[in-house]
Amino acid sequence: MIAKLKGTVDAVDEDSAVIDVNGVGYLVAASARTLRDLVVGGPASLLVETIVREDAIALYGFLGTSERDWFRILTTVQGVGARVALSILSTLAPEEIARAIAAQDRASLSRASGVGPKLAARLATELKDKAAAFGVAPAAAKTAEVAPMAAAGSSVNEDAVSALVNLGYRRVEAFGAVARVTQRLGADARLDAVIRAGLQELAR
């Protein structure tokens, strides 16, 4: 199995690139985000996910481990093949995918080509626990599993996100800002302080 390619960019197409490794050209499918960073004639070092089918061996390339990891995670969901996973990665950066899933922001997920409302809902539901592994807290915790103080903090966070959304910010942006603010201010921060700090975070 091919896990990594290091060579020279021979060609870049709309959805793939050819990487020349010692005179052998490897056709590698990749997200638009990765392809934008590849320059014909320039060096390239790609992490590769090799998928073997009955009729072909397909290579998918990634510049970073987080993008490759999310490709693997996304393709575990029914209805998400390699093409749809690359479409999602072309639309959202890995950290944005994690925040969208944690915030249950189906609208952001459905921006990707090939992702309709039903598939976006499935992604948000089935992968919500994965967001924690990427440093993003789940959108809401089960009441039975959290202490009163943690539940109160969760309520403040949700109210702060709603307030920022009402001010015109996208839910995924608001969720990310509130998550960062809460880490800095602590779980017992007042709602007005979280909103104010969240606005400052979004204004950067």
Net charge within 13 Å of residue 71 by Cβ-Cβ distance, Lys/Arg positive one each and Asp/Glu negative one each, not counting residue 71 itself? +2
Simple spin-label estimate for residue 83/residue 118, 7 Å along Cα→Cβ, in nm, reads 1.8
How large is the charge dipole for the chain, taken about the Cα centre, if only the Cβ atoms of Lys, Arg (+1) and Asp, Glu (-1) carry charge, to the nearest 20 debye? 400
With unit charges on the beta carbons (Lys and Arg positive, Asp and Glu negative) and the dipole taken about the Cα centre of the chain, which residue among 113, 127, 19 sits farthest to the positive side? 127
Inter-label distance for residue 22 and residue 200, nm, one decimal - labels placed 7 Å from Cα along Cα-to-Cβ: 5.6
If you take every DSSP beta bridge whose two residues both sit in the chain, what share of them, in percent to the nearest 5, is antiparallel? 90
Mind ordering 95-105, 81-91 by average Cβ neighbours within 10 Å, highest first? 95-105, 81-91
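Where a number appears in this text, it was derived from the coordinates with a stated rule and is not lab data. Since we're looking at a predicted model, the values are computed, not measured. When we count neighbours, we look across all protein chains shown, and the Cβ atoms used for this are built from the backbone with ideal geometry, even at glycine.
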